[in-house]
Amino acid sequence: DTEVTQTPKHLVMGMTNKKSLKCEQHMGHRAMYWYKQKAKKPPELMFVYSYEKLSINESVPSRFSPECPNSSLLNLHLHALQPEDSALYLCASSTEQGSYEQYFGPGTRLTVT
Amino acid sequence: EDQVTQSPEALRLQEGESSSLNCSYTVSGLRGLFWYRQDPGKGPEFLFTLYSAGEEKEKERLKATLTKKESFLHITAPKPEDSATYLCAVQTNFYGGSQGNLIFGKGTKLSVKP
């Protein structure tokens, strides 16, 4: 099974709201990733967790706050977002950071109004 | 600087018309090259991993090949359901500049008409 699940599928939020995106995998992968993808662009790396510790933060604004509660779950907490943050947010996982292929979830389509 | 370039940006084929997509790369220490398929509004779907020059992988109508500077995704007798954006990504050695993260090309949007 190479499935990564993400909830919700769609999210509309105002600029003053607080919301969270969730990601789950049961492949025993120890690296998990958050990507942001704008229309007609490739995925852009935001965060990497390795063995439940934040390994890479690609200079993402603090209105995005990641959390890795355990080896299967990854959350992305959102607060005071801007309309330009509207995008497809993708979660991915791999066996180890920097090794082997990454498997992506279906994404959460976020619209900030 | 590590770089991945895909061509063409868009490709329109008739059903059954075979063709190839190109991914050229300039990286310091290739660990692996990956091909993904992405449908609109969905996450990328993993297709192939290639690790060394001369390697080939096949899946249904798709065949991926790798040289020291580029990879090709050959599509034989495509069908309309093969229409999607095909993304190429390279992974460098962990202690290189990209820390083993994926470096994506901009993708090739393939449209197959019946």
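Read-outs throughout are calculated quantities, based only on the coordinates presented, and are distinct from any laboratory measurement. Values in this document were obtained by computation on a predicted structure and should not be read as measured data. Neighbour counts are summed over all protein chains in view; Cβ atoms, including those assigned to glycine, are modelled from backbone coordinates with ideal geometry.
Shape analysis of the range A:15-113 based on the Cα gyration tensor places the equivalent ellipsoid semi-axes at 22, 14, 12 Å, largest first. Taking a sphere under 9 Å around the Cβ of B:Tyr25 and counting the other residues whose Cβ falls inside, with K and R at +1 and D and E at -1, yields a net charge of -1. Solvent-free Debye calculation, one equal scatterer per alpha-carbon of chain B: log10 I(q)/I(0) at 0.16 Å⁻¹ equals -0.68.
In summary, the lysines within cross-link reach of B:Lys63, defined as a Cα separation below 22 angstrom excluding same-chain residues under 8 places away, comprise B:Lys79, B:Lys106, B:Lys109, B:Lys113.
Among the cysteines of the protein assembly as shown, those with no neighbouring cysteine Cβ under 4.7 Å are A:Cys68.
For B:Phe48, the shell of other residues with beta-carbons less than 12 Å away shows a net charge of -2, using +1 for Lys and Arg and -1 for Asp and Glu. Of the residues A:Ser62, A:Ser50, A:Ser99, the one that moves most in a GNM of chain A with alpha-carbon contacts below 10 Å is A:Ser99. Projecting the Cα atoms of A:Leu54, A:Gln97, A:His79 onto the dipole axis of the range A:16-113, where Lys and Arg carry +1 and Asp and Glu carry -1 at the beta carbon, places A:His79 farthest toward the positive end. Here the relative contact order of the range A:1-104, from alpha carbon pairs under 8 Å that lie six or more residues apart, stands at 34 percent. Shielding value for A:99-110 is 5, the average number of Cβ atoms from other chains within 10 Å of each residue's Cβ. In a simple Cβ point-charge model (Lys, Arg +1; Asp, Glu -1; nothing else charged), the range A:7-106 has a dipole of about 320 debye relative to its Cα centre. Scalar couplings 3J(HN,Hα) for the range A:40-48, obtained by applying the Karplus form with A = 6.51, B = -1.76, C = 1.60 to θ = phi - 60°, are 6, 10, x, x, 10, 5, 10, 9, 10 Hz; x denotes Gly and Pro.
Under a model in which nothing but the beta-carbon of Lys, Arg (+1) and Asp, Glu (-1) is charged, chain B shows a dipole of about 40 debye around its Cα centre.
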